[in-house]
Each structure stands twice: as structure tokens, then as C-alpha cells.
Amino acid sequence: MRSKIGGIGYYVPKNVYTNFDLMKMMDTTDEWIQERTGIIERRYAHTTEETTATMGVEAAKIAIKRAGITPHDIDFIVFATLSPDYYFPGCGVLVQRAMKMKEVGALDVRNQCSGFVYALSVADQFIRSGMYKNILVIGAEKHSFGLDFTTRGRNVSVIFGDGAGAVVLQPTDDPDRGILSTHLHSDGESAEILAMYNPGTHANYWVDTELATFKKDAKMGEYFMSHEMIDNCQNFPFMDGPAVFKKAVVKFPEVIMEALKTNNYSPSDIAMLIPHQANLRISQFVQQKLGLRDDQVYNNIQKYGNTTAASIPIALCEVYESGKIKEGDLVCLAAFGSGFTWASALLKW
Ligand SMILES: CC(C)(COP(=O)(O)OP(=O)(O)OC[C@H]1O[C@@H](n2cnc3c(N)ncnc32)[C@H](O)[C@@H]1OP(=O)(O)O)[C@@H](O)C(=O)NCCC(=O)NCCS
């Protein structure tokens with residue numbers, strides 16, 4: 001028994017923010033952003049009418065419809081995000097409520113840019129074991145709420161965008177379809193290189209950097225989040241971009257090759273590689289390293305920026321909708337991000 005993607009959907013907010021719009025908020029240029037990342041524009045969610053969970057719901061509605069089922073048929077939810085509606089509970093239960101589903105299990109995955117592939121892998125195991133038959137897997141982000149839109153945060157804020165993608169995973173016994181294998185990895189050595197430290201319970205246990213500084217004489221009740229943290233802009237993500245870049249260009253090809261070798265395929269067999277949309281330069285590097293043609297790799301970071309857990313399902317859905325993949329085609333999904341964590345999935349569409 002394997003699992004197959006029975007339905008897929010995506011949702012991106014209407015609000016388009018071009019590089020020129022960002023230039024009005026911070027010291028940056030369209031040229032810098034395009035040259036270093038490939039991004040031309042991104043979408044930001046409506047401030048009050050859209051959340052990470054509601055965007056996930058919109059993507060899920062399409063995926064569920066395309067799977068030929070109703071929300072009532074879903075028997076498990078896996079929701080990947082780094083920008084949840086609440087610190088707790090997770091977004092999965094909000095989807096369960098919003099879509100009036102049965103009292104099914106709802107699991108949130110906290111694996112940032114690798115979140116969707118991790119979530120897919122979790123769902124795949126439940127299908128293979130025979131435990132569930134219709135699993136809703138969502139990747140969604142509302143980054144626009146958590147970025148520093150001043151010049152201080154420009155190396156991070158220009159990269160990220162909002163959106164959501166979803167799939168319904170179902171069992172199949174067709175030998176020419178479905179998820180062949182998934183491969184998950186982590187190396188916590190560089191956990192702080194791409195991280196949002198606050199709010200959190202770390203109290204500088206792991207590192208004592210300017211961005212994470214915890215006041216040792218803080219009062220009970222002010223440990224988790226204090227006025228001082230906000231005044232010092234310690235509530236925004238931190239990224240050492242060049243360090244992330246260096247590791248990503250090694251781990252992406254490695255985990256793709258791992259998936260191919262496990263299933264006795266080579267890069268030339270790939271009909272479509274969908275890399276997590278971290279940076280166009282990273283994707284181009286990976287393409288070159290694996291000797292892939294342009295038509296074997298899909299990129300849409302130009303339009304949406306890096307939508308973290310949502311980037312792969314959005315891209316996969318666009319590929320599907322544009323007819324770029326047909327039944328039986330070999331599709332590889334690969335991701336790398338904060339943690340570091342990285343992952344791949346090889347599937348026959
Ligand atoms: C973030 C990234 C685009 C930066 O590009 P880079 O070529 O490495 O640039 P650097 O960080 O070395 O910065 C170069 C200069 O540009 C400046 N800069 C940073 N952001 C800028 C922006 N938005 N606009 C203009 N200048 C900017 C820096 O301040 C620095 O200036 P300096 O040389 O005067 O100090 C790149 O490192 C990257 O994409 N890394 C991977 C990040 C990623 O994929 N993250 C997602 C996780 S999956």
C-alpha cells in the first residue's frame with residue numbers, strides 16, 4: 001500500500017507587494033532583491049481577514065474537492081507552519097473547526113521550510129500502515145505579521161511571502177503512482193543561524209547573542225515576552241543568509257540524490273523537481289549540480305517570495321494546473337531550512 005496525492009489546491013492572498021513597494025519601507029532596491037533572490041513580488045495576507053489557518057482552509061477546500069470527497073471524509077490533519085495563528089493551540093484544530101470536520105486527529109508540524117515534506121512523510125506513514133484513508137496535509141504561512149519591515153530587517157523581510165497549499169493523501173495500490181519514499185534529516189548544530197528566538201523559554205541557555213539577550217534579573221511573568229524585548233526588536237526572525245546559502249546548496253542535491261538512489265533512478269529520470277522556493281540562486285545551483293534542464297525544475301519564487309511551508313504545495317499545484325506533469329511522471333520534492341532540517345520526497349504523479 002502506498003499513498004498518492006488525491007487532490008491538491010493552493011491559495012495566495014490578493015495583496016501584491018513588489019520590490020518597489022518594499023523600497024518605500026526600507027533601504028533596499030529592486031535590483032538587489034532580484035539579483036540575490038530572484039524575487040520580483042510577493043503576496044501579503046489581508047491584515048484582519050486572513051490568517052495562516054484561514055489561508056490553509058482555502059487551499060484545503062480546493063484539494064478536498066479535487067480528491068472527490070468532503071471535509072467530513074477527512075480522517076487526519078497535518079498542518080505545517082512557522083507562523084501559527086496562536087502560539088498554542090496549533091493551526092490543525094482551527095482547520096478542523098472551520099471546516100466542520102469530525103473529531104479527527106490534528107497534528108501541527110514545526111519544521112519551517114522543510115515543514116511540508118515532513119508533514120507529507122508523516123501522513124504517508126499513516127496511509128501505509130492502513131490507519132487513515134484521507135489525510136489533509138497543509139502548509140501555510142502569514143509571514144507578513146512577523147517580519148521587521150525596517151532597514152534593520154531587510155535581509156529577511158524582502159525574502160518571505162504569505163500563502164498556503166494543501167493536498168489530500170489517499171491510499172493506492174497502483175504500482176505506477178504514489179509516494180515512493182521520503183527522506184528526513186536534521187542537524188541542530190546551526191539551530192540559531194535561522195531562528196526566531198523570542199518569545200521562547202530559552203533564557204539564553206543555548207546562546208547569548210544580542211538578538212536573544214535574556215535579562216537575567218527579569219521578573220516572573222516577564223520571562224517569555226517583555227517590553228524590553230520588543231523595544232530591542234528581539235521579536236523578529238534572525239538569519240545568517242550566507243551561512244544558510246552555503247549549507248543549502250550542499251544538502252539540497254544530497255537529499256535529492258538520496259531519494260533517487262533509493263529508488264534506482266538518476267536525475268535524468270526526473271520529470272519535475274520542485275525545490276522549496278528559498279532563493280532562485282539556490283534552485284539554479286541545485287539544477288546545475290544535478291545536470292537538470294530548465295523544464296525539469298519549477299520555480300515560482302519570482303511571484304510569491306519564500307512562503308516556507310507553503311512553497312512546495314503551491315508550486316506543485318501550479319505545475320499540476322498548468323499540465324506540466326502527467327500521470328506516472330516522476331516528481332521530486334526537496335526542502336532545506338531552519339533547524340537545519342532538510343527533506344525530500346519522490347513520487348509518481
Ligand atoms: C539573504 C541573501 C539573499 C543575502 O545575499 P548575500 O549575497 O548573501 O548578501 P549578504 O547577506 O552577504 O549581504 C550583502 C550586503 O547586502 C546588504 N543587504 C542585505 N539585505 C539587503 C536588502 N534587502 N537590500 C539591500 N541590501 C541588502 C547587506 O547589508 C550587505 O551589505 P554590506 O556588504 O554593506 O555589509 C542570501 O544570503 C540568501 O539567499 N541566503 C539563503 C537564505 C535562505 O534561503 N533563507 C531561507 C531559508 S530556506
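Points worth noting:
- Residues in the stretch 194-349 average 45 Å² of solvent-accessible surface per residue, probe 1.4 Å, ligands and nucleic acids excluded.
- Pairs over the 29 Å Cα-Cα cut-off, from the set 14/65; 24/251; 14/324: 24/251.
- Relative intensity of the stretch 119-253 on a log10 scale, I(q)/I(0) at q = 0.09 Å⁻¹, equals -0.44, per a Debye sum over C-alpha point scatterers of equal strength in the absence of solvent.
- Once exposed loop GluC sites (Glu not before Pro) are cut out (DSSP; at most 15 other Cβ, 10 Å), longest piece of the chain: 104-209
- Residues 223, 44, 11, ordered by accessible area of protein heavy atoms at a 1.4 angstrom probe radius and largest first, appear as 223, 11, 44.
- For residue 45, the amide hydrogen comes within under 5 Å of the amide hydrogens of 144, 162, counting only partners 5 or more places away or on other chains and with H modelled in the peptide plane.
- Rounded to 10°, Cα long-axis angle of helix 311-321 versus longest principal axis of the chain: 40
- Longest site-free stretch - the chain; sites: trypsin sites (Lys or Arg not before Pro), DSSP loop, at most 10 other Cβ within 10 Å: 103-215
- Stokes-Einstein D (µm²/s) once Rh is taken as the Kirkwood radius of the stretch 1-90 over alpha-carbon pairs, at 25 °C in 0.890 mPa s: 154
- The phi torsions of the stretch 153-167, fed into the Karplus equation with coefficients 6.51, -1.76 and 1.60 and a -60° offset, translate into couplings of x, 5, 5, 9, 5, 6, 7, 9, x, 9, x, 8, x, 8, 9 Hz, rounded to whole numbers, with Gly and Pro shown as x.
- Simple rule: put +1 on each Lys or Arg Cβ and -1 on each Asp or Glu Cβ in the chain, find the dipole, and look at 86, 299, 130; the Cα lying farthest toward the positive end is 130.
- Rg over Rh for the stretch 277-334 works out to 0.94, using Cα positions for both radii and the Kirkwood form for Rh.
- The chain, accessible surface, carbon-and-sulfur percent (1.4 angstrom probe): 53
- At a probe radius of 1.4 angstrom, the accessible area of the stretch 1-160 per residue rounds to 45 square angstrom.
- Inter-centroid distance (Cα atoms) of the stretch 25-102 relative to the stretch 241-261, Å: 26
- Estimated inter-spin distance, residue 190 and residue 150, nm [label 7 Å along Cα→Cβ]: 2.8
- Cα-Cα over 29 Å, subset of 142/247; 133/326; 4/100; 100/303: 100/303
- For the stretch 210-285, the share of alpha carbon pairs falling in successive 5 Å distance bins from zero is 3, 12, 17, 13, 9, 9, 9, 9, 8, 7, 4, 2 percent.
- Cα-based shape type of the stretch 157-196, given that a ≥ b ≥ c are square roots of the gyration tensor eigenvalues and the cut on a/c is 1.5: oblate
- The accessible-area ordering, largest first, of the residues 1, 55, 225 stands as 1, 225, 55, per a 1.4 angstrom probe.
- Three-way shape label, the stretch 52-139, alpha-carbon gyration tensor, a/c 1.5: oblate
- Around the Cα centre of the chain, unit charges on the Cβ atoms of Lys, Arg, Asp and Glu (plus for the first two, minus for the last two) sum to a dipole of about 640 debye.
- For the chain, the mean projected area of the C-alpha convex hull, equal to one quarter of the hull surface, is 17.2 nm².
The values are calculated or read from the model by the stated rules, or taken from the named source; none is laboratory data. Just so you know, these numbers come straight off a predicted model, no measurement behind them. Methodologically, a virtual Cβ is constructed for each residue, glycine included, from the backbone with ideal geometry; neighbour enumeration extends over all protein chains shown. We work out accessible area using only protein heavy atoms, side chains counted, and drop any ligands, DNA or RNA first. Shrake-Rupley method; radii C 1.70, N 1.55, O 1.52, S 1.80 Å.
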